[in-house]
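Contents: one structure, followed by commentary.
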Amino acid sequence: MRKVITYGTFDLFHVGHLNILKRAKAQGDYLVVAVSSDAFNAGKGKKAYYSQEDRMEILKAIKYVDEVILEESWDQKIRDVKEHDIDVFVMGDDWKGKFDFLKDYCEVVYLPRTEGISSTKIKQDLSIK
Ligand code: C2G
């Protein structure tokens, strides 16, 4: 079984998130999604509209997703890859190059982002601060 992992906040779930999960799953047979915790987001200077619990519940309901774990720190990826026996790490290409250190442990694939949609744009368009 070829296992894939990807990371993200996945706030205000939208088609850009769906597209990356669909393409990430297509890289293998089993997709693990690591969802940024509220505390980890606070460290990124981000505050998600939905709580970590709600964001995890939504991801668990996505047909491409097989397992959901919490992302609580920048430096858990190597451990996650080892513990979950991951073959492929996937991220949108806004992160291109940032996770190449994982090439010692698994394949690293950056996929094109979906243009014209983001959680930030949604908030701006709805003028949610
Ligand atoms: N994404 C995309 N197209 C968009 C928006 C997002 O392909 N229009 C992808 C991003 O490239 C990322 C994933 O969807 O791979 C999740 O995006 P975010 O929720 O914004 O995640 P981010 O804040 O980038 O956190 O350790 C990595 C971080 O947790 C990533």
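The values are calculated or read from the model by the stated rules, or taken from the named source; none is laboratory data. Quick caveat: nothing in here was measured; it's all calculated off a predicted structure. Using ideal geometry, Cβ is built from the backbone for each residue, glycine included, and neighbour counts are taken over all protein chains shown. The accessibility values were calculated without ligands, DNA or RNA, using every heavy atom of the protein model including side chains. Shrake-Rupley method; radii C 1.70, N 1.55, O 1.52, S 1.80 Å.
Brief remarks follow.
- Short-range pairs are left out: with C-alpha atoms under 8 Å and at least six residues apart, the relative contact order of the chain is 30 percent.
- For ARG79, net neighbour charge (Lys/Arg +1, Asp/Glu -1) across residues whose Cβ lies under 15 Å away: -4
- For the range 28-65, applying the loop criterion from DSSP together with a ceiling of 13 other beta carbons within 10 Å to the trypsin sites (Lys or Arg not before Pro) yields LYS44, LYS47, LYS63.
- The range 40-129: Cα Rg divided by the 2.2 N^0.38 Å rule of thumb: 1.22
- Cross-link pairs beyond the 23 Å C-alpha cut-off, checked among LYS22/LYS77; LYS25/LYS103; LYS22/LYS47; LYS25/LYS82; LYS3/LYS98; LYS25/LYS121: LYS22/LYS47; LYS25/LYS121
- Under a model in which nothing but the beta-carbon of Lys, Arg (+1) and Asp, Glu (-1) is charged, the chain shows a dipole of about 420 debye around its Cα centre.
- Solvent exposure of GLU67, expressed as accessible area, is near 50 Å², computed with a probe of 1.4 Å over the protein chains only.
- Candidates ASP104, ASP11, ASP54: whichever shows maximal mean-square fluctuation once the chain is modelled as a Gaussian network with Cα springs under 10 Å: ASP104
- Taking a Cβ cut-off of under 11 Å around LEU70, the surrounding Lys, Arg, Asp and Glu residues balance to a net charge of -4, with basic ones at +1 and acidic ones at -1.
- Since only SER118, ALA39, LEU18 are under comparison, the one whose Cα sits farthest along the positive direction of the charge dipole of the chain, derived from C-beta charges on Lys, Arg, Asp and Glu, is SER118.
- Calculated diffusion of the range 86-129, Stokes-Einstein form, Kirkwood radius summed over Cα pairs, 25 °C and 0.890 mPa s, µm²/s: 201
- Whole-percent carbon and sulfur share, accessible surface of the range 42-129, 1.4 Å: 49
- With 5 Å bins beginning at zero, the pair-distance distribution over Cα atoms of the range 1-79 amounts to 3, 16, 28, 24, 18, 8, 2, 0 %.
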